[in-house]
Structures are given as C-alpha cells and as structure tokens.
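Single-structure report; data block below.
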Amino acid sequence: MPTPKKPAAEEPPSVSADPVTVEPAASLTAAPAVLWIRVEKPVDPARIALVRGRAGAAQVSQVRRGEISRVLQDRLVPVTIWSEDPGEDGATPIGSVVIAPNEALRPGDEYTLVSGEPPQATAILIAPDDPAPILARAWPPAGASATARYAVWCGDAPLPAIDEAATLAPAGTRGRILRGVHDGDPGARCLRFEAEAASEIADPKGQPPPSVSAGGELFRLDPIPIEGGAPGHPVEPIDCDLSEIAFGPGCAQVTDDRLTVRAPEAPVLWTIAGAGIDRVLPTRAGELFVIDGLTPASNTTLQVAVVDDGGELHSYVSAFATLASMPHLVLNEVFANPLGPEPQQEWVEILNDGTISAELGGHVLIDVGGETVLPPGAIPPGGVALIVNQLFIADDGVDPAPDPGAILFRVHKLGHSGLSNDGEPLSLRGPSGVVISRSPVGPKTKAGMSLARVTPAAPDGEKGSFTLAAPTPGRANAP
C-alpha cells in the first residue's frame, strides 16, 4: 500500500527590499516625520501595513493572509493608501501605491513597511532632527467637519507669505495653501487650505501634502486627513449676562489686561487681532478661554472672526474699555501626594498673574473638609507663594525643593486632614467673599506628581486646564 503524500507546507514569505521611496525626497535611513511612502511596483493596496518598529517574515505572513494578531494590531500606524495608476478595470493596481501616515512619525524611531502581496518588508528610519517645523492642525476638528474644502495649520512663530497650489489626495480636491486663517492675513503663524470653487470632491476625505515651502523655508503639515460629511453646526450669538459684553458670537468678561470669553454653542475657530493681539484658537461648544496682554485702563478695539465647521467665515468688531490694573491670584499647582511624609511635605502654589502686587491676607483656601485662612504678605507681579504646613522642610532630599524666589507662607494646618490624594477640588476665596480661583476634581494623584495648571491663563472649570506633571514649586509649571 503506497504511503500517502503529506500536503505541501506553505512556503514562508520572503523578506525583500524592493524599491521604496519617500516624499519629500529623503533617504530611507533619514526620512522626515511627515511623509508619503511610494512603492514603485505592482502591490496589493489591501495587503499593506506600516508597523512601528522592526517587522519580518512573521508579520509579512500575517498581512498577506489578512489575519492580524492583536500584538501586531497595536503596532500599526493609521494610514491612507491609494494607487496612482490603477488598471484598466479600475481595481487592479498595476503601478505605484502611496502610503500616507495619518500621524507624524516619531523622530529617531524605526518603522517597517510591510506588503503581503508581493511579500516584502522595508525598514524606514525617521531622522532624529528635522529643521522643518511641523505645523499643528488647528481646524477643522478631526472627524467632525461638514466640509473638506478648508483647513488650517499653525506654528509657534509668524510664517512667510505663501500662495501655492495644492491637491488633497486621493480625493483630488484642488486648492491653494495661503498664509493666515482668512483674507486679510490674520493669524500670521498659520497656513490654510482653500479649495477652488470649481473643484469637485469625489471623496470627503483628503490627505494634505506632507510639506509646503514658503519664503525659502520648508514646513510640514500635520497629516491628519481632512474629512467632510459631518453635520454642520450653525453659529448663533449667545445671550450675555449683565457682567459680560458681546464678543463676536460669544460673551466676555472684561478686567484690566484680559478678557474671559465664553464661546458660542458650536465649535468654531477664532481669530482675534488688534491692540498687539494676534490669536488663533479653536473652541468647543460653550468653552471658556482667556485673551490676555491687553493694556489696562484703555479703550480697545479688536477684530474678531470665527470660522464654523462648514468653513464659513463670520466677522465682527468688538470695542470696550479695560479696567485699571489689578492683581490676579490663581491656584497654579497642588502637591497632595509627596514622596516624603504626609501631610508635612504637601503644598499649594498660588501665582500672582497680574500686573500689580497682591496681598494674600484675607484670602481663604477651601477644601472639601474645611477652610484655611491664609496669612498676610505681598506677592509681587509674576510672583509665587507656596502655602505649606508648619513642619514643612524645604529641602528634604526626597521631593523637589522650592525655587529660591518662591515665598513660603506657613499655616497651622493645610487642608482639613491634609490634602486628599484622590484629587479633591480646591477653591481660593478673596476678601470680598467671592471665589476667585479653583482647581478641579483631578485624577487620583501619583506619588511624587502634582496637579498643575497648563498655563496661568487657563480658565477654571475647563477640561484640560490642569494636568498631572512633575512638581515645580516656585517655578513655571512643567509642560
């Protein structure tokens, strides 16, 4: 009786290095963090993946079979893939395929482009340093835009003038990259994409070009795809309280050198210009934000504009008078869970974010269990006070020591039974009996970490105004 033949084992996929290029043009061993990857040969777009770290025959086999393990799934980079030369039937790819990551890749890290058909794995190393800055996407909100015809990216410094043709891929939406958020050039640190009026949109999702040049400089654009199709939100002016003024479609409380603005009940992108101000910021429905840097005791006029999630522009003029200079005491940082002994080494940091000296006496710190009356003493403009227990040791060799410029105010007892490690809210009440600053119910703190305000002007009550960070007593909060 003949011996039955064993079924032939599946031949493992080979790991090859077929030609792969990146745009903007660079070596695969020093690629930019924002890029398009082009495979100059027939490949199956449905069998392509970009993997964080190294990948070999085992990962190639998974991609070829379409059976991605959970471990590999966690390593996949979200990408947009398209064929630039489809076959005559419109489906079979016979030319190059472009793989566009939907996020900036990490400088200095290695990635692998994996193709299942034909099988190949190509290593791509991201350059540790790239002189071209990445402009962050400011508008529209990811996945929440009613149009793919308009987008804005912003950096930290004013940008050179630019007027450059651009096409979103693979949608084919044609338009231009221009400086500023809208005509008139407000938002000089931003670039915008505006689609041509006659440009047809076959797909409501488009990938921006990985880079643009302006004034001889190169800039990368945050590669989050521009998507349309979400329901639009009309911008309706909101009703203002007696203590507020109308400010664009929102409302604002005016003090000496700042406005606290309440946004309308729709997501919008703001541009605010005039009186030395040039601000661009997106807001969620009803969000609070602060415009500071105004001149106290002066008549001020600001040009205000908002862009809605359908790309429509709404323009306003806001005129108002600022008040005389005043102190601005804010709860800036809370250290409730020291590595050293509790409650001895706990502290609360209060910052004077105003332009004149502030008197601490008469203020009260309120926690869930009670009140702590604060002692008298002056805090200069920009100065920091640390409220500490009587037994606090400035340099205990365990937790960070206060900055030499910090002013220590010792109290008999900080908090009802010390500060809670579970993230209790705190309030600072002024001599008039009005609460002037709050820290939120934060996440449960980790030992050796503090709850810190992200910027001095970050408004109370807003998600994201505070974060867990390394403690910085008497110094600027850690980013």
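The values are calculated or read from the model by the stated rules, or taken from the named source; none is laboratory data. This structure is a prediction, so every number in the text was calculated from the model and none was measured. As a convention, Cβ positions derive from the backbone with ideal geometry for all residues, glycine included, and neighbour counts pool all protein chains shown.
Being part of a strand (DSSP E or B), surrounded by fewer than 21 Cβ atoms within 10 Å (Cβ to Cβ) and in contact (Cβ under 8 Å) with a residue 24 or more places away in the chain is the filter here; which residues of the stretch 234-253 pass it? Matches in the stretch 234-253: 245, 246.
Scanning the stretch 295-313 for residues that are over 19 Å from residue 230 (Cβ atoms) and of a type outside the set (A, V, I, L, M) yields 295, 296, 298, 299, 300, 301, 303.
One residue stands out in the stretch 436-450 among those that are touching a residue at least 60 places away in the same chain (Cβ under 8 Å) and of a type in the set (A, V, I, L, M): the one that is nearest to residue 371 (Cα to Cα), namely 436. When the stretch 364-376 is filtered for residues that are touching a strand residue (DSSP E or B) at 6+ places or on another chain (Cβ under 6 Å) and of a type outside the set (A, V, I, L, M), the ones remaining, listed by number, are 367, 371, 372, 375. Please find, within the stretch 89-121, the residue that is modelled with the lowest pLDDT out of those that are of a type in the set (Ser, Thr, Tyr) and part of a strand (DSSP E or B). Top of the filtered list is 115.
With the condition kept exactly as written, say whether any residue in the stretch 29-44 is aliphatic (A, V, I, L, M), surrounded by fewer than 16 Cβ atoms within 10 Å (Cβ to Cβ), modelled with pLDDT of 95 or more and part of a loop (DSSP other than H, G, I, E, B). Yes; the residues of the stretch 29-44 include at least one that is aliphatic (A, V, I, L, M), surrounded by fewer than 16 Cβ atoms within 10 Å (Cβ to Cβ), modelled with pLDDT of 95 or more and part of a loop (DSSP other than H, G, I, E, B).
Output yes when any residue across the stretch 270-292 is among the acidic types (Asp, Glu) and out of contact with any Asp or Glu (no Cβ under 7 Å at 6 or more places or on another chain), and no when none is. Yes, the conditions are met somewhere in the stretch 270-292. Scanning the stretch 425-463 for residues that are surrounded by fewer than 19 Cβ atoms within 10 Å (Cβ to Cβ) and of a type in the set (Asp, Glu) returns a single hit, 462. Could you list, in sequence order, the residues of the stretch 291-324 that are within 25 Å of residue 456 (Cβ to Cβ) and modelled with pLDDT under 95? Within the stretch 291-324, 292, 293 qualify. Residues in the stretch 280-294 that are within 19 Å of the chain's Cα centre (by Cα) and surrounded by fewer than 17 Cβ atoms within 10 Å (Cβ to Cβ): 284, 285, 286.
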